[in-house]
Structures are given as structure tokens and as C-alpha cells.
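The values are calculated or read from the model by the stated rules, or taken from the named source; none is laboratory data. Computed from a prediction, not measured in an experiment: that's the story for all the values here. So basically every Cβ, Gly included, is an ideal-geometry build from the backbone, and we count neighbours across all protein chains shown. Accessible surface areas use protein heavy atoms only, side chains included; no ligands, DNA or RNA. Shrake-Rupley method; radii C 1.70, N 1.55, O 1.52, S 1.80 Å.
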Amino acid sequence: MVVLPYTVAFLLLSFLQTVKITNSQSFIGINYGQVADNLPPPSSTAKLLQSTSIQKVRLNGSDTAIIKALAKTGIGIVIGTANGDIPGLASDPNFAKSWINTNVLPFYPASNIILITVGNGVMTSNDQNLMNRLLPAMQNVQNALNDASLGGKIKVSTVHSMGVLKQSEPPSSGSFDPSYGDLMKALLEFSRANGSPFAINPYPYFAYRSDTRPETLAFCLFQPNVGRMDGNTKIKYMNMFDAQVDAVYSALNSMGFKNVEIVVAETGWPFKGDDNDVGPSIENAKAYNGNLIAHLRSMVGTPLMPGKSVDTYLFALYDEDLKPGPGSERSFGLFKTDLTMVYDFGLSTSSQESSFLRK
């Protein structure tokens, strides 16, 4: 008679642990862009995020209202400096210290700031002055964190587009554009010395736009396809995301930095676009984001980095209605501004629990 209650208790504990694991995947994050005039209050967004299994949020800037709203939620927060701040951060250590004093110290650790990104797309900006000042800016931000006894607790990085690669196909031949030369090497040495990640924005959507064959769409959406063979490694790739991430890994490895962590700072698929846009649709966006999330949850990893999932920040939480460019640029949101889902992409806590119970 003693065994039954113990067994029931054990099964209940196992169930609760499984649900907890399902709902706390720290490798899934989301981008919270603010190029919009119709966003809900930060407090509402904080509650929305807590109703999902999203564990990390990336801001392009450092909006203090959002940082405050995320306090005591446990959600990891990535904040960023603007490209325009880089010259000042590079030339004046006191400016870097002031930036940390304003945007980090009043909120940390209640607000779980985990990473500061110094600029976005600097290396592919063709602004040589900005490129040359990037590393000194990162060093001054890191020194300011060290002075505040936060070195190691909050990392410092910068975000790159896939344009930093000279070659990405096949994945094993991935390499950085040699024109970046010593500057890229110095950035990677900084990352290795400080345990900081290499943040990159792979977008299979843009790969599809340059090759709109049906088989390419299936490859980009994680749908059944014949795969693509890497002739060097004899590895068959079954989706574009793995191929792009492994190309970055190969580029890092070719320069002697294979142990620098890769973080996917942005990836997503628009659900609508202009009449001449190829690829945007609810069906494709749901397939890409839903299948990507399932792929990350499987923990299978990529062929060159098996058995783990890279931290991946989906793009994006909401549409940004003031963004310039084609209509697709304003249609990446996973949630509407009334806090309902644009489509079900599989990150609602309640839907995960009910799915678990149905199994």
C-alpha cells in the first residue's frame, strides 16, 4: 500500500518537471523592435511574454520602460547601443561608463540584462571610420562593466549580417570576407577573451528571394526536400538554417575561433508583403517559425555543432509599422498589437501544456 502513493508522486513530479523543461527553453528568444507608433504598453508586453516559453528578449536600443517592465520576470534581456554612439563610446571611456550607469546599473539584477550589443551591421556598413571604432567602443563598454563588477555577468558583442561572409556554400567552406582582415580577427579575439558570443543574422527568407525554385522554398522552410550535399564533408543538409549557421561556424573555425559561441540575433519570415514580393505568406511564416522552433527544441543541433541548440532570437515580437522599405519589412510580427497571435507558432505555454497532455 505504500508503493502506490510513492509511484503516483514520482509520476506527478516527472510530469511537472517535463512541463517545466518544455516551458523554459532558454535558447529561444525574440526581437522586440520599436520602429512603430502603435505598440502596447511595456507592462502588457511583459505579461504577454510570461504567457509564452520565450526566455529572452532582444532590444535594438535600451528603452528603460521596457527594461523596467521585464524586472523580476527572469527573462534575459539583450540591450544595444546605437551605431551613432560608437564614436563617443570609442573615444571616451567616461561616456561608456555613463552609458552603463544610465542603462544598466539602475535595473540590474532585477532586470536580467545578459548582453549588450554595440552597434548592428557595422562591418557591412562600408563606413570605415565606424568599423575602426567598433572594437575600441566594445572594449570601453567591457571596461565599464568590469569597473561596476559586472564583467562576466553581462557580455558585450556586436551584431553582424550574413554579408560578413565571403563564402557560405558549401557550409564547410564558410569564410569571412578577407577585406575585414585584422579587424575581424581582433573582434574574435575580444570575444574569446571575454567569453562573448558572435552574433549573426541568418535569414533563409532572403536566400529564397534570390532562388525562388519550389525545392529551395522547402529547404528554407524545414519541409521535406532532397537535401543539399556538402561535397567536402559528405554531409547532406536538410534545411537552410543549419547550412547558414554551419557556414558561420566554418568561418570561425578557419580563423582559429571555433569555440566562440554563435548566437542567432535575428531570423524570421514575413507573413505578408507587396504584390511583387516573393515568399511572404501566413503559410510560409508559420512553417518557418514553427519548424525552426521544433528544430531547436529537438536539441539535434547542426551537422557541425550537434547535440545543442544555438541561442536564437526570432524576428519579431510585433510588426513595426514605421519601418521603411517594402511591405514585408513591416510584416514580421508574431503577435498583433492587441496581444493576439498573428498565427500559432507553438510558443504559448498553455498550448504546450495541452499538447503534452494529449500525447
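Residue pairs whose Cβ atoms lie under 8 Å apart, sitting 6 or more positions apart in sequence or on different chains, and linking a residue in the range 233-252 that is within 18 Å of Asp311 (Cβ to Cβ) and without any contact (Cβ under 8 Å) to a residue 24 or more places away in the chain to a partner that is of a type in the set (Asp, Glu) and open to solvent by less than 20 Å² (accessible area, probe 1.4 Å), do not occur here. The number of residues in the range 184-211 being within 19 Å of Lys286 (Cβ to Cβ), in contact (Cβ under 8 Å) with a residue 60 or more places away in the chain and out of contact with any strand residue (DSSP E or B) (no Cβ under 9 Å at 6 or more places or on another chain) comes to 2. When we screen Met131, Met123, Met138 for residues that are in a loop (DSSP other than H, G, I, E, B) and either surrounded by 15 or more Cβ atoms within 10 Å (Cβ to Cβ) or not β-branched (Val, Ile, Thr) (or both), the only hit is Met123. Of the residues making up the range 72-120, those that are of a type outside the set (Gly, Ala, Ser), closer than 22 Å to Gly152 by Cβ, without any contact (Cβ under 8 Å) to a residue 60 or more places away in the chain and open to solvent by 10 Å² or more (accessible area, probe 1.4 Å) number 13.
For the range 288-299, filtered to residues that are out of contact with any Lys or Arg (no Cβ under 9 Å at 6 or more places or on another chain) and under 24 Å from Asp230 (Cβ atoms), the residue that is surrounded by the fewest Cβ atoms within 10 Å (Cβ to Cβ) is Ser298. Of all residues in the range 142-151 being of a type in the set (S, T, N, Q) and in a helix (DSSP H, G or I), which is surrounded by the fewest Cβ atoms within 10 Å (Cβ to Cβ)? The residue in question is Asn146. Of note, Gly327 satisfies the criterion of being over 26 Å from Ala46 (Cα atoms), touching a residue at least 24 places away in the same chain (Cβ under 8 Å) and in contact with a Gly (Cβ under 6 Å, 6 or more places away or on another chain).
Asn225: closer than 23 Å to Ile293 by Cβ, over 24 Å from the mean Cα position of the chain (by Cα) and polar (S, T, N, Q), yes or no?
Numbers: closer than 23 Å to Ile293 by Cβ: yes; over 24 Å from the mean Cα position of the chain (by Cα): yes; polar (S, T, N, Q): yes.
When the stated conditions are applied, Asn225 passes them.
Please work out if Ala285 is hydrophobic (A, V, I, L, M, F, W, C) and open to solvent by 10 Å² or more (accessible area, probe 1.4 Å). No. Screening Phe257 with (1) in a helix (DSSP H, G or I); (2) of a type in the set (Phe, Trp, Tyr); (3) touching a residue at least 40 places away in the same chain (Cβ under 8 Å) gives one miss only, at (1). Hey, can you tell me all the residues within the range 36-60 that are in a loop (DSSP other than H, G, I, E, B), surrounded by 15 or more Cβ atoms within 10 Å (Cβ to Cβ) and not hydroxyl-bearing (Ser, Thr, Tyr)? Scanning the range 36-60 gives Ala36, Leu39, Pro40, Ile54, Gln55, Leu59, Asn60.
Scanning the range 263-282 for residues that are of a type in the set (Val, Ile, Thr) and surrounded by fewer than 21 Cβ atoms within 10 Å (Cβ to Cβ) yields a count of 2. Inside the range 260-319, residues that are acidic (Asp, Glu), under 23 Å from Thr117 (Cα atoms) and either in contact with an Asp or Glu (Cβ under 6 Å, 6 or more places away or on another chain) or assigned to a helix (DSSP H, G or I) (or both) make up a count of 0.
Of the residues Asp319, Asp344, Asp338, the single one that is open to solvent by 20 Å² or more (accessible area, probe 1.4 Å) and at pLDDT below 95 is Asp344.
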